[in-house]
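The values are calculated or read from the model by the stated rules, or taken from the named source; none is laboratory data. Predicted model only: the values in this text are computed from it and were never measured. No Cβ is skipped: glycine too gets one built from the backbone with ideal geometry, and neighbour counts run over all protein chains shown. SASA here: full protein model, heavy atoms, side chains in, ligands and nucleic acids out. Shrake-Rupley method; radii C 1.70, N 1.55, O 1.52, S 1.80 Å.
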Amino acid sequence: MWSPYDEGPRSRTPLWFALGGLAVLAALVAGLVMMWNTKGPDPTADPAQRASTPPVAAPVVPADKYGYASARETDPQSLTQKELFPKKKFTAAGRSYEITILKTDKKCADAAEGDKLDKALKSGKCTQLVRATFKDKTGKVVGTVGVANLVDSKAAGKVAASVRTKGESKLFVKPLAGTDTVTKFIGAGEASVHVATHGHYAVMLYVQFKDGHKPTKKDAKLLSQASADVTQATVYRALDSRSLSGRRAS
């Protein structure tokens, strides 16, 4: 007959269950302790103590008027045709112009005329020269504008200094002939050459009348006006944006 005071094997079964329950409870407590000890950083702690990796330092903006665009180091993105010339037809101060052809040369010497200019582009580590040819609404004025991407503003200055149209050696951006009935004549006859810099970019122009006649003083003003109209409405808008952000305009 079974007795509640029996010390036999039957009386040990409840004890094993009890011991098993204690073991499970102990494991649970231990798990909770480990979770507590390995919890994330205190959100109220000093941010410097919470940081697991050091923050990436932002590029230092060069201290001159061209900002990020002063050097390729702070303005690393390559130029694009769409960025520089977003519209093929545009107006400037009521005057209308049309882009007829675009081309990007990674070998900058292919888009330049003259050995000394080629040398300046090479020493300035030119990575691309984007050209566009335009005409005015009347079809009388045609021109090519080219933007060279140099390593820094010093290199761009050397490229600008090498551009000239006097003397035996004439140095300028190579005119890019279009396929239409107007700009296909560019490069024949007399032209007006302009050059300017914007940080690590050299902006070069070759502008002429369609018939190639030698410009008078009055004519020269018309060519200069067309040069200013086109560059202000296209390339300088893009380059001004790079000066502020160091990247292409969105």
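Considering the Cα positions of the range 70-183, please state its Rg to one decimal place and its Dmax as a whole number of Å.
When restricted to the Cα atoms of the range 70-183, Rg and Dmax are 15.0, 42 Å.
Net charge within 11 Å of Q77 by Cβ-Cβ distance, Lys/Arg positive one each and Asp/Glu negative one each, not counting Q77 itself? Spell out each step's value before the answer.
Working: positive: R72, R242, R247, R248; negative: D75, E83.
Residues close to Q77 contribute a combined charge of +2.
About its Cα centre, what dipole magnitude does the range 113-250 give when the only charges are +1 on Lys and Arg Cβ and -1 on Asp and Glu Cβ, stated in debye to the nearest 20? Please report the intermediate quantities before stating the final value.
Working: 24 positive and 12 negative charges, 36 e Å.
Approximately 180 debye in magnitude.
What whole-number value in cubic angstrom gives the convex hull volume per residue for the C-alpha atoms of the range 108-250?
Numbers: hull volume 16.3 nm³, N = 143.
Once divided by residue count, the hull of the range 108-250 is 114 Å³.
Lys and Arg at +1, Asp and Glu at -1: add these up for the other residues within a Cβ distance under 15 Å of T216 and post the number.
Values: positive: K140, K214, K217, K218, K221; negative: E190, D211, D219.
Around T216, the charge tally is +2.
Longer than 32 Å from Cα to Cα, which of K65/K116; K82/K154; K125/K218 are they? Say none if no pair is.
Numbers: K65/K116 28 Å; K82/K154 27 Å; K125/K218 38 Å.
From the list (K65/K116; K82/K154; K125/K218), the Cα-Cα distance tops 32 Å for K125/K218.
Express the carbon and sulfur contribution to the solvent-accessible surface of the range 115-164 as a percent, rounded to the nearest whole number, probe 1.4 angstrom. Walk me through the numbers on the way to the answer.
Numbers: 1120 of 2140 Å².
In the range 115-164, the share of accessible area belonging to carbon and sulfur is 52 percent.
Enter the accessible area per residue of the range 154-227 (Å², integer; probe 1.4 Å; all protein chains in place). Mind dumping the intermediate values first?
Details: 3770 Å² over 74 residues.
Per-residue value: 51 Å².
Can you give me the long-range amide H partners of K140? Hydrogens built in the peptide plane at 1.01 Å from N, cutoff under 5 Å, separation of 5 or more residues or another chain.
Here nothing satisfies the definition.
Once the Cβ-Cβ distance between Q232 and K82 is put in as r, and R0 is 25 Å, what FRET efficiency do you end up with, to the nearest 0.05?
Numbers: r = 18 Å, r/R0 = 0.73.
Calculated value: 0.85.
Output wanted: per-residue J couplings in Hz (rounded whole) for the range 98-109, from phi through Karplus 6.51 cos²θ - 1.76 cosθ + 1.60, θ = phi - 60°, x for Gly and Pro.
9, 7, 9, 7, 10, 7, 10, 10, 7, 8, 4, 4
Which net charge results when you count Lys and Arg as +1 and Asp and Glu as -1 among the other residues whose beta-carbon is under 12 Å from that of V195?
Numbers: positive: K158, R164; negative: none.
Charge balance in the 12 Å sphere: +2.
In whole Hz, what ³J(HN,Hα) sequence does the range 116-128 give by Karplus (6.51, -1.76, 1.60; θ = phi - 60°), x for Gly and Pro?
Values, residue by residue: 5, 5, 4, 5, 5, 5, 5, 5, x, 6, 5, 9, 6 Hz.
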